[in-house]
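*Asks:* Sharing a structure below in structure tokens format, with a few things to ask.
The values are calculated or read from the model by the stated rules, or taken from the named source; none is laboratory data. Treat the numbers as computed from the prediction; the structure is a model and nothing was measured. In this analysis, Cβ positions are derived from the backbone assuming ideal geometry, glycine residues included, and neighbour counts consider all displayed protein chains. Protein only, heavy atoms only, side chains kept; ligands, DNA and RNA dropped before computing areas. Shrake-Rupley method; radii C 1.70, N 1.55, O 1.52, S 1.80 Å.
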Amino acid sequence: MATTSSTSYFERIQDFVAENKKAVVIGAAATALAVGGVVYYASTSRGPGGDSEKGKTRDKKKLVNDADGPLLEEIKPKVADEEDVLSVEEIAGMSVEERTKLAGTLKTRGNTLYQNRKFQQAVDMYTRAIQVATKSEPVYYSNRAACYMNMTPPKYELAVQDCDEALRADASYVKALNRRANALEALSRYEEALRDFTAATILDKFQNESAAQAVERVLKNIATAKATVILTTREPRLPSFTFVSAYFAAFRVRPLPALPENPSTGDSTLILALQALEAADYAHAVSLVNDAMEQGISWEIGKAEALNLRGTFKFLMGDVSGAKDDLYESVKIFPSLTQSWVKIASVHMEQGEGTKAFECFEEAIKHNPQDPDIYYHRGQVLFITNEFKEAADNYTKSSELDDTFVFSHIQLAVALYKMGELARSMATFRRTMTNFPQRSEPQNYYGELLLDQQRFMDAVDKFDRAVELERAKPPPMNVLPLVNKGLAIYQWKQDITAAERCCDEALQIDSECEPAVATLAQLSLQQGKIDRAVEMFKRQAELARSEPELINALTYQYASMAQLEFTRNYPAMAEQLAQIARSMAM
């Protein structure tokens, strides 16, 4: 399986997020943080007569948790006679004190009816309380919303309307926010639900686990649905130069196939396509191989090579099914084309079919057991499944068959590191850097291991050397060492400006470098620059090649958008939230 240096980079991005989890979560509206649970109460503590929910503790009787709806808390109702329904004139003739007392009594009766699952009767009591009250009491509307949500069938639209009224009276009423969010989620109005769950989570100071779980659940629904639409409607496109060049670099260079004695136009076009591939002119290579297939290829090996190349580009552009068809057709025509077997294994791994992937490697070995690429890529599959000893054995076998391929040595060193054999790993890296003095990859990967050990100065030195070697090569350069340097500087010195400068430079060279975009997005969150983070996550979604990458980018995009909306809806909280983010990042 062809993995790239960007793969390990994204692992470190995940570590970066984990290490700065709380700050990132605040910036992304609690996307990934398991924080406390929101309990949905229709509490009398917000009622009239000084029963404030904020800052007071009262003896309350917690009622049973209704599996279909919120918990309800009730102050023990006062003993009172059953009032008749009053006319507007009768209510107007009552004093403020009388109306306040009666409204509170009606509400507590509604709570009792709610406890007994008499939801319509409870609605009637809350409605009467609303009519009698001298001012808009958010708890009355919120409690009535709870009744609507527990009816059979639920009346979610009415629940949303009542929560709207409650929040007009008190925009920071967390229980009403949570209740409206649940109703909106039930109505599949996910982006509005995310807005409310996010606000409730922040206002509750990240203390409620169920709220965070709700945010994550709704984000998953949004991101999955959006990804499905994007993947079915967007035009196929190649990933960034950084990604594509790293993919092809994971295969040893093979000689061009010999043309037949009287080559057809399609035969000659195929050779041009393969030459464009060697020159890293990937867009031209795609166009030429498609032309060659349309023009017709006259000899069997050429057909197999063309299908292999076209299938590879389809895979890189996200057409996994089309890639599989082309690659299987390639080995059907020419079973000894082991590179096609290896790439089919990559497709199976992308689809989570590990057993089939290993079957492909066995087929490849059967046809050409001396092909070192088979063992390198089988080692990659074993590596990503955490079978590091077996992976190391395969990398060693690959190097024994051909010791001129730098990545077999690099991956052996990394596998040894994962096995805990630090001395052997570092020795292998040093030997590789000596044997491949003009290659940037050993310097870059060694820097990654040093960074993992928090040897920041040494890591930056290796990344600088890798950048120097890349600049000495004909353009375009591999910009991953620049991005790695930025991440290292941030982790070392918390110097966000310098880290951003590295990523910006990388994007000037390769405007579609996904790791640079992803890092800038996370750095923006660290600084509370939510507007810029949203733009970076949108860009990351545009660049995403696979469905998991797209869902991840969309998750952060919509989480950040929800938090941005929070800062606009609650401007007084914006600076406080930014301070929390900065303190958690320290």
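*Asks:* Let me test this: with uniform point scatterers at the alpha carbons of segment 253-396, what is the Debye-based log₁₀ I(q)/I(0) at q = 0.11, 0.15, 0.18, 0.21 1/Å?
*Replies:* The calculated log intensity ratios at q = 0.11, 0.15, 0.18, 0.21 Å⁻¹ are -0.42, -0.75, -1.03, -1.28.
*Asks:* Right, next: For labels at D319 and E261 in the simple 7 Å Cα→Cβ model, what's the distance in nm?
*Replies:* 3.6
*Asks:* Decide, for segment 167-304, between rounded, prolate and oblate: order the square roots of the alpha carbon gyration tensor eigenvalues as a ≥ b ≥ c, take rounded if a/c falls under 1.5, and otherwise choose prolate if a/b is larger than b/c, else oblate.
*Replies:* Cα axes put segment 167-304 in the prolate bin.
*Asks:* I'd like the projected area of segment 415-487, averaged over all directions, using the convex hull of its alpha carbons. Report it in nm² with one decimal.
*Replies:* One quarter of the hull surface, i.e. the mean projection, equals 4.7 nm².
*Asks:* Sort out for me the Cα centre separation of segment 401-470 from segment 475-539, rounded to whole Å.
*Replies:* Value for the Cα centre distance between the two parts: 22 Å.
*Asks:* List the equivalent ellipsoid semi-axes of segment 464-548 in whole Å, largest first, each obtained as the square root of 5λ for an eigenvalue λ of the Cα gyration tensor.
*Replies:* 22, 17, 9
*Asks:* Evaluate the relative contact order of segment 236-334 (contact order divided by residue number), counting alpha-carbon pairs under 8 angstrom at least 6 apart; express in whole percent.
*Replies:* 27
*Asks:* How high is the relative contact order of segment 126-195? Use alpha-carbon pairs under 8 Å, at least six apart in sequence, and give a whole percent.
*Replies:* Normalised by residue count, the contact order of segment 126-195 is 26 percent.
*Asks:* What number comes out for accessible area per residue over segment 412-548 if the probe is 1.4 Å? Units Å², please.
*Replies:* Heavy-atom SASA per residue in segment 412-548 reads 42 Å².
*Asks:* Rounded to the nearest angstrom and ordered from largest down, what semi-axes does the equivalent ellipsoid of segment 468-508 get from its C-alpha gyration tensor (root of 5λ)?
*Replies:* 21, 10, 6
*Asks:* Stokes-Einstein D for segment 149-209 at 25 °C, 0.890 mPa s, Kirkwood Rh over Cα pairs, in µm²/s?
*Replies:* 213
*Asks:* How high is the relative contact order of segment 84-133, in percent, counting Cα pairs under 8 Å that sit 6 or more residues apart?
*Replies:* Relative contact order, segment 84-133: 42 percent.
*Asks:* So how far apart, in nm, are the two label points at A423 and E300 if each is 7 Å from Cα heading toward Cβ?
*Replies:* With each label point 7 Å from Cα toward Cβ, the separation is 5.4 nm.
*Asks:* Under the classification rounded if a/c is under 1.5, otherwise prolate if a/b is larger than b/c and oblate if not, where does segment 375-424 fall, given a ≥ b ≥ c as square roots of the Cα gyration tensor eigenvalues?
*Replies:* Note, shape of segment 375-424 comes out oblate.
*Asks:* Okay, moving on. Using protein chains only and a probe of 1.4 angstrom, how many square angstrom of I91 are accessible, to the nearest 10?
*Replies:* Roll a 1.4 Å probe over it and I91 shows about 20 Å².
*Asks:* Name the shape class, rounded, prolate or oblate, that the alpha-carbon gyration tensor gives for segment 302-354, where a ≥ b ≥ c are the square roots of its eigenvalues, rounded holds for a/c under 1.5, and otherwise prolate holds if a/b is larger than b/c and oblate otherwise.
*Replies:* oblate
*Asks:* Starting from the exponent 0.38 and prefactor 2.2 Å, build the expected Rg for segment 340-459 from its residue count and divide its actual Cα Rg by it.
*Replies:* Here the Cα radius of gyration is 1.10 times the empirical estimate.
*Asks:* Provide the FRET efficiency to the nearest 0.05 for the E209-S87 pair, computing r from the beta carbons and using R0 = 41 Å.
*Replies:* 0.30
*Asks:* Sticking with this one: Could you look at segment 127-217 and say what percent of its accessible area is carbon and sulfur, using a 1.4 Å probe and all protein chains?
*Replies:* 43
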